[in-house]
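Written below as C-alpha cells is the structure these notes are about.
The values are calculated or read from the model by the stated rules, or taken from the named source; none is laboratory data. Just so it is clear, the model here is predicted, and its values are computed rather than measured. Cβ placement follows ideal geometry from the backbone for every residue including glycine, while neighbour counts extend to all protein chains displayed.
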Ligand SMILES: NC(=O)c1ccc[n+]([C@@H]2O[C@H](COP(=O)([O-])OP(=O)(O)OC[C@H]3O[C@@H](n4cnc5c(N)ncnc54)[C@H](O)[C@@H]3O)[C@@H](O)[C@H]2O)c1
C-alpha cells in the first residue's frame with residue numbers, strides 16, 4: 001500500500017515511519033520546507049525516543065520518503081492520512097480546523113484514482129462530513145472515501161504506543177474502506193490490538209471522550225491530593241487503593257501539576273464547544289477545565305508558603321519544564337504559567353531540561369537556562385522538580401552540591417521524604 005501522511009509532526013512522522021517499518025511505502029509531506037529538508041538529511045525536528053534510528057533505517061531502505069509537494073504525493077498514494085494540527089481557535093475554545101480544510105482543498109484537486117482520505121488529526125464530530133463536501137465539489141463520490149482513524153499515541157512513548165496500541169479505531173460506513181484499513185492494521189491486530197470499526201462520527205467522538213476522561217482522572221486525583229494535604233494522608237495510598245479496583249485502574253491517578261501538552265487542554269475545550277453547538281451541557285468536563293486552570297495557582301500558593309511568603313530575590317530552580325518526560329513539547333506546559341508568575345514576583349530562576357533551552361522563556365527577566373543539573377541547582381533557595389524525567393529520579397543532592405542546603409518541592413512525588421531529609425534538605429511533595 002502506498003501511504004501519504006500530510007503533516008510531519010509528532011503524529012504524522014511517528015505513524016508514517018511506523019507504517020513504513022511494517023512494510024508500506026510511505027511519503028511524509030509537510031509545508032514546512034525546512035522540516036522536510038532536515039528530515040531528508042537524516043535530522044529529526046522533534047525529540048522522540050527511538051525515532052531517529054527508525055527514520056534512518058526506513059529512509060535508507062527507501063520505504064520512507066519526505067516531500068513538500070502535497071499534490072504529487074497524493075496523486076501517487078492510495079491512502080492519505082491527514083495529520084495536521086487542530087489547535088484551539090485564537091480567542092475562542094473550539095478547534096481551529098483551517099489546516100484540515102486547507103489540506104482537504106489541496107487533496108481535492110489531486111484525486112486521480114480511488115483514494116481513502118483519513119483524519120488521524122483529532123477533529124470534532126462532523127469534520128469528516130465537511131471534508132466529504134469539500135472533496136465532492138470536484139470529484140465523483142465513487143472516487144474517494146473519507147474515514148476517521150483517531151490516534152492515541154503519547155509523546156515520549158509514541159513508537160511503542162503506535163506499534164502496540166490498546167485499540168485501533170476506524171470510523172467508516174463503507175465496507176471496502178473498512179476492509180482495506182483493517183488489512184493495513186492487521187500486523188498490529190495480530191499482535192493483540194483490539195480493532196473497532198464504527199461510524200465516522202463515533203470514531204471522531206471516541207477520541208475527544210477518551211482525552212476528556214483521562215483529563216478528568218488527573219484532575220480528580222489532583223483535587224483528592226489537596227484534601228490529603230489537609231488531613232495528613234498520603235495521596236499515593238489513595239491512588240493505589242483506588243487503582244486496585246479494575247473498574248477504576250491505577251493509570252492517570254498520579255497527583256502532580258496541571259495537565260498540559262498539545263492534546264488535553266485543547267481537546268477538553270473543543271468537546272465543550274461541540275456540545276454547545278449541539279445544545280448539550282458537558283458540566284463534568286467544564287468543571288475539569290476550571291479545576292485544572294486553577295491547579296498552577298494552588299501549587300504557586302504552596303511555593304509562596306514554602307518560601308515564607310518571600311519570593312523576591314529568591315533563587316528558584318526548575319528541573320524539567322516540558323509538560324511531561326521524554327518529549328520536547330512545551331505546548332500548554334504548566335511551567336509556562338509558573339515561571340512567568342515567579343519571574344514577575346522578582347524570583348531569580350534557573351531551569352534545566354534534558355531537551356535544552358526553551359525559546360518560551362527567552363524574553364523573561366531573570367530566567368536562565370542551565371546546561372547541567374548541578375549548575376542549575378547550585379546556590380538555589382528552592383528546587384522544584386516539575387517534570388518526571390528519569391534524569392531527576394536518583395539525584396544525590398548532598399554529593400552534587402556542597403555547602404548551602406536548599407528546599408526541594410517535588411511536584412511529581414519522585415522521592416520519599418526520608419531519603420531527602422536524611423541528606424539534610426527540607427522536602428515538600430504533593431498530596432501528603
Ligand atoms: N502530539 C500528540 O501526542 C498527539 C496524539 C494524538 C493525536 N494528536 C493530534 O494529531 C494532530 C497533529 O498533532 P501533532 O502534535 O502531530 O501536530 P504538529 O504541530 O507536531 O504537526 C503538524 C504538522 O502539520 C504541518 N502542516 C500544517 N499545515 C499543513 C499543510 N497545509 N500541508 C502540509 N503540512 C501541514 C505542520 O507544518 C506541522 O509540521 C492534532 O490534531 C493532534 O490533536 C496529537
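Listed values, structure above:
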| item | result |
| --- | --- |
| Among residues of the range 235-256, those that are in a loop (DSSP other than H, G, I, E, B) and more than 15 Å from the chain's Cα centre (by Cα), counted | 12 |
| Residue in the range 1-10 that is out of contact with any strand residue (DSSP E or B) (no Cβ under 8 Å at 6 or more places or on another chain) and either closer than 20 Å to residue 168 by Cβ or more than 15 Å from the ligand (Cβ to nearest atom) (or both) present | yes |
| Test result for residue 121, within 30 Å of residue 212 (Cα to Cα), outside any strand (DSSP E or B), within 16 Å of the ligand (Cβ to nearest atom) and in contact (Cβ under 8 Å) with a residue 60 or more places away in the chain | yes |
| Among the residues listed as 15, 73, the single one being in the same structural domain as residue 112 (by TED's automatic domain parsing), within 11 Å of the ligand (Cβ to nearest atom), within 16 Å of residue 110 (Cβ to Cβ) and in a helix (DSSP H, G or I) | 73 |
| Breaking point among (1) in a helix (DSSP H, G or I); (2) within 18 Å of the chain's Cα centre (by Cα), for residue 103 | (2) |
| Given (1) touching a residue at least 40 places away in the same chain (Cβ under 8 Å); (2) within 14 Å of the ligand (Cβ to nearest atom); (3) buried (at least 22 other Cβ atoms within 10 Å of the Cβ), index of the condition residue 104 fails | (1) |
| Residue among 20, 56 that alone is part of a helix (DSSP H, G or I), away from the ligand (no atom under 15 Å from the Cβ) and touching a helix residue (DSSP H, G or I) at 6+ places or on another chain (Cβ under 6 Å) | 20 |
| Residue 84 vs. criteria within 11 Å of the ligand (Cβ to nearest atom), at pLDDT 95 or above, under 19 Å from residue 15 (Cα atoms) and under 27 Å from the mean Cα position of the chain (by Cα) | yes |
| Subset tally (residues that are part of a helix (DSSP H, G or I) and in contact with a helix residue (DSSP H, G or I) (Cβ under 8 Å, 6 or more places away or on another chain)) for the range 276-291 | 6 |
| Residue in the range 302-312 that is surrounded by fewer than 22 Cβ atoms within 10 Å (Cβ to Cβ), assigned to a helix (DSSP H, G or I) and free of Cβ contacts under 8 Å to residues at least 60 places away in the same chain present | yes |
| Test: residue in the range 31-47 that is near the ligand (Cβ under 10 Å from one of its atoms), under 24 Å from residue 112 (Cβ atoms) and more than 21 Å from the chain's Cα centre (by Cα) | yes |
